[in-house]
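Chemist: Pasting a structure below so you can have a look.
The values are calculated or read from the model by the stated rules, or taken from the named source; none is laboratory data. As the structure is a prediction and not an experimental result, all values here were calculated from the model. We place every Cβ from the backbone using ideal geometry, glycine too, and count neighbours over all the protein chains shown.
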Amino acid sequence: MSAALDPSASEIERFRSAVRRRLGLNFDDGKLPFLAEVLRRRTEASGRASVPYLNDLEEGPGRRDELAALAGELTVGETYFFRHLEQFRALTEIALPARARARSNQRQLRMLSAGCASGEEAYTLAMIAREQPALVGYQISIRAVDVNPAAIKRATTGSYSTWALRETSDEMRARYFRPDGRQFLLDPELRAAVEDRIPVGRVAEPAEIADAVALLASGRLGYMTGHPLIVDGGMTAL
Ligand SMILES: C[S@@+](CC[C@H](N)C(=O)[O-])C[C@H]1O[C@@H](n2cnc3c(N)ncnc32)[C@H](O)[C@@H]1O
């Protein structure tokens, strides 16, 4: 297979629009060299020139394997349990008690891990909801969504390395995991606490996002969609 030519500026622009429309990922001008490199790699891997590749991405049925490959190339999956501990402390000490008071009539609370990667954030939410005295007797729903199918697949296995648990206290580790060789298996009840009705999705889709508390792909709002994620009065941890 011959090496793909560098894409032109208009092809890179078409690629940026197609990625926004097909995957809900936004890239600003500073990321154009990165997009050019990904486009060059993907056209080379497909054995096609940029134009037919882009035509298919824009108009074609959108081969799922190509969209999955692009999601993997264009996103950053960095995550671990209790990542940015201060977020979870704020959630435990401020946001969840406040939302519990606001929802005391319904006794229901919805949480969203928007951009959950391999699931650590969503399962951390499940742990702190379970440990939260203000939520005893509440029906909790935790939704996780990610645009990258490979990350979601890892999330559904519930098997994690010690590296993923580096910020997890011994107490929480003992309560919610059991050792399995070199890995740690998540308590199946905790795994079941996170909904997987629509396991792969885009934050851009409104059906995914009406929720009381949302956590976002930390620090990477640039490539999220800017769509509202929470109900009035809800709280967002970034
Ligand atoms: C850096 S990870 C952060 C994971 C987790 N939220 C955390 O803070 O530990 C970002 C994740 O967000 C996902 N993502 C980014 N934009 C998204 C979008 N528009 N819709 C769904 N997932 C998105 C990526 O695929 C990636 O897995």
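Chemist: Residue under question is Ala164, and the condition is that it be modelled with pLDDT of 90 or more, within 13 Å of the ligand (Cβ to nearest atom) and not acidic (Asp, Glu); does it hold? Outline the logic, then answer.
Modeler: On the way: modelled with pLDDT of 90 or more: yes; within 13 Å of the ligand (Cβ to nearest atom): yes; not acidic (Asp, Glu): yes.
Spelling it out, Ala164 is indeed modelled with pLDDT of 90 or more, within 13 Å of the ligand (Cβ to nearest atom) and not acidic (Asp, Glu).
Chemist: Does region 171-180 contain any residue that is assigned to a helix (DSSP H, G or I), within 18 Å of Arg83 (Cα to Cα) and among the aromatic types (Phe, Trp, Tyr)?
Modeler: Taking region 171-180 first, the residues assigned to a helix (DSSP H, G or I) are 171-176.
Cutting the leftovers down to within 18 Å of Arg83 (Cα to Cα) gives us 171-173, 176.
Still in the running and among the aromatic types (Phe, Trp, Tyr): 176.
Yes, region 171-180 contains at least one residue that is assigned to a helix (DSSP H, G or I), within 18 Å of Arg83 (Cα to Cα) and among the aromatic types (Phe, Trp, Tyr).
Chemist: Quick test of your reading of the structure: Asn105 fulfils all but one of (1) under 30 Å from Leu135 (Cβ atoms); (2) part of a helix (DSSP H, G or I). Name the failing condition by number.
Modeler: (2)
Chemist: Checking the conditions here, which among Gly77, Gly47 is modelled with pLDDT of 90 or more and either within 12 Å of the ligand (Cβ to nearest atom) or farther than 29 Å from Thr124 by Cβ (or both)?
Modeler: On the way: Gly77 fails: modelled with pLDDT of 90 or more.
None of the other options fit; the residue is Gly47.
Chemist: Quick check, is Asp6 farther than 21 Å from Ala151 by Cβ and either crowded, with 18+ Cβ neighbours inside 10 Å or not hydroxyl-bearing (Ser, Thr, Tyr) (or both)? First the steps, then the outcome.
Modeler: Working: farther than 21 Å from Ala151 by Cβ: yes; either crowded, with 18+ Cβ neighbours inside 10 Å or not hydroxyl-bearing (Ser, Thr, Tyr) (or both): yes.
Spelling it out, Asp6 is indeed farther than 21 Å from Ala151 by Cβ and either crowded, with 18+ Cβ neighbours inside 10 Å or not hydroxyl-bearing (Ser, Thr, Tyr) (or both).
Chemist: Could you grab me the full set of residues in region 85-119 that are farther than 27 Å from Gly137 by Cβ and surrounded by 17 or more Cβ atoms within 10 Å (Cβ to Cβ)?
Modeler: Correct list: Gly115, Ala117, Ser118.
Chemist: Looking only at region 72-87, how many residues end up being under 12 Å from the mean Cα position of the chain (by Cα) and among the hydrophobic types (A, V, I, L, M, F, W, C)?
Modeler: Final tally of qualifying residues: 1.
Chemist: Moving on to the next point. From the list Leu125, Leu96, Leu91, Leu112, which one is within 12 Å of the ligand (Cβ to nearest atom), farther than 19 Å from Arg175 by Cα and outside any loop (DSSP other than H, G, I, E, B)?
Modeler: Within the list Leu125, Leu96, Leu91, Leu112, the selection yields Leu112.
Chemist: Quick check on Gly77: is it small (Gly, Ala, Ser) and within 22 Å of Val145 (Cα to Cα)? Explain how you work it out, then say what you get.
Modeler: Working: small (Gly, Ala, Ser): yes; within 22 Å of Val145 (Cα to Cα): yes.
So Gly77 fits the description; yes.
Chemist: Residues Arg20, Arg42, Arg48, Arg14: which one is charged (D, E, K, R) and closer than 25 Å to Ala114 by Cα? Spell out how you get there, then give the answer.
Modeler: On the way: Arg42 fails: closer than 25 Å to Ala114 by Cα; Arg48 fails: closer than 25 Å to Ala114 by Cα; Arg14 fails: closer than 25 Å to Ala114 by Cα.
Going through Arg20, Arg42, Arg48, Arg14 in turn, the sole match is Arg20.
Chemist: For region 90-106, check the following and say yes or no: at least one residue is within 30 Å of Leu67 (Cα to Cα) and in contact (Cβ under 8 Å) with a residue 24 or more places away in the chain. Even if it seems obvious, please write down each step before you answer.
Modeler: The initial filter retains those residues of region 90-106 that are within 30 Å of Leu67 (Cα to Cα), namely none.
No, region 90-106 contains no residue that is within 30 Å of Leu67 (Cα to Cα) and in contact (Cβ under 8 Å) with a residue 24 or more places away in the chain.
Chemist: Which pairs turn up if I take residues in region 138-153 that are in a loop (DSSP other than H, G, I, E, B) and look for partners that are away from the ligand (no atom under 13 Å from the Cβ) with beta carbon separation below 7 Å, at least 6 apart in sequence or on another chain?
Modeler: Tyr138/Ala100; Tyr138/Arg107; Tyr138/Gln108; Tyr138/Leu109
Chemist: A further question on this structure: Quick one: which of Ala150, Ala144 is crowded, with 22+ Cβ neighbours inside 10 Å and within 12 Å of the ligand (Cβ to nearest atom)? Let's see the steps before the verdict.
Modeler: Values: Ala150 fails: crowded, with 22+ Cβ neighbours inside 10 Å.
Result: Ala144 is the single residue among Ala150, Ala144 that is crowded, with 22+ Cβ neighbours inside 10 Å and within 12 Å of the ligand (Cβ to nearest atom).
Chemist: Next question, about the same structure. With the condition kept exactly as written, say whether any residue in region 14-34 is over 30 Å from Leu165 (Cβ atoms), away from the ligand (no atom under 12 Å from the Cβ), surrounded by 14 or more Cβ atoms within 10 Å (Cβ to Cβ) and of a type in the set (Val, Ile, Thr).
Modeler: No.
Chemist: Go through region 32-59 and count every residue that is basic (Lys, Arg) and free of Cβ contacts under 8 Å to residues at least 12 places away in the same chain. Reasoning before the result, please.
Modeler: Filtering region 32-59 down to residues basic (Lys, Arg) leaves 40-42, 48.
Adding the requirement that they be free of Cβ contacts under 8 Å to residues at least 12 places away in the same chain leaves 48.
Within region 32-59, residues that are basic (Lys, Arg) and free of Cβ contacts under 8 Å to residues at least 12 places away in the same chain number 1.
Residue-wise test of (1) exposed (fewer than 14 other Cβ atoms within 10 Å of the Cβ); (2) over 18 Å from the mean Cα position of the chain (by Cα); (3) in the same structural domain as Leu135 (by TED's automatic domain parsing); (4) within 16 Å of the ligand (Cβ to nearest atom).
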{"position": "Thr43", "(1), (2), (3), (4)": "no, yes, no, no"}
{"position": "Val51", "(1), (2), (3), (4)": "yes, yes, no, no"}
{"position": "Leu54", "(1), (2), (3), (4)": "no, yes, no, no"}
{"position": "Asp65", "(1), (2), (3), (4)": "yes, yes, no, no"}
{"position": "Leu70", "(1), (2), (3), (4)": "no, no, no, yes"}
